[in-house]
Structures are given as structure tokens and as C-alpha cells.
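No lab work stands behind these numbers, since they all come straight from the coordinates. Note that the structure is a prediction, hence the values are computed from the model and not measured. As a convention, Cβ positions derive from the backbone with ideal geometry for all residues, glycine included, and neighbour counts pool all protein chains shown.
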Amino acid sequence: MPPIRKRATAIAQAHWKDLGLWMPIFLGVPVLGFGLGYWLDSLWPVVVSWVAVSPIPVFGLIRHYRRFAKMPCEDCGRILERGVPADGAPIVFHCPDCNIEWDTGFIQGGGD
Ligand SMILES: [Zn+2]
């Protein structure tokens, strides 16, 4: 019997929530730094703001990678491990207990 394909919602919601929180900080702080640098006629606020936000995409990528490496089945809670999909393949998790294939709606190596 082929698995039932279902849309995984929790993982996508967590992803967009992270993006919604960090993206304004990542973009906003350098803008403030630039404004402050212009106002003070100094390059330092610009440099400091860039250094301050530079770890965000690094941590974001690590978090993203870890999040999409495993997910709990949304029906039974079993921790599902992802196989190794080819680039361009949809990221899905198969729960053998429920015979459900959870579709995260994300594409491997899609560079989102
Ligand atoms: Zn399950």
C-alpha cells in the first residue's frame, strides 16, 4: 500500500516564524548602523552593525539544517529521519507507523 501524502504544517510554520523574527533584525540593524554612521560621519557604526548581524545567517543555516534533518510525525509523534534526497527533490519524511509521507513543501538544495 503506497503511503498517504500529507502536508507537514508545523515544520513550515516554525521556519517562517524564524524568518519573520530574524529577517527584520538582519536587514534592520545594518540600516540603523548606516543611518548612525551617516549621522556621526563615521564608518564604525556600519562596520559594527554588519559584524553584529553576520552570525545570524550562519546560525540560521545550522538551525535550518537541523530542523529539516528530523521531524516528529504530526500524527503519532514518532521522530522521523530524513533520507538523503537528491538536489531539487521535495523534502519528505515517511512515517512507517502511520504510512504517511509528510511533505514539508520545501525542496532540497532549493536555497531558500
Ligand atoms: Zn506517525
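Annotations for the structure displayed:
- Helix axis angle, 55-67 relative to the chain longest principal axis, alpha carbon, degrees: 0
- Using the Karplus relation 6.51 cos²θ - 1.76 cosθ + 1.60 with θ = phi - 60°, the per-residue 3J(HN,Hα) values for segment 102-109 come to 7, 9, 6, x, 10, 10, 4, x Hz, with x marking Gly and Pro.
- Across the chain, the fraction of Cα-Cα pairs farther apart than 25 Å, rounded to a whole number, is 40%.
- Order of ASP103, ASP87, ASP75, ASP41 - criterion: other Cβ atoms within 10 Å of each residue's Cβ, fewest first: ASP41, ASP87, ASP75, ASP103
- With only the Cα atoms considered, segment 1-53 has a convex hull volume of 75 Å³ per residue.
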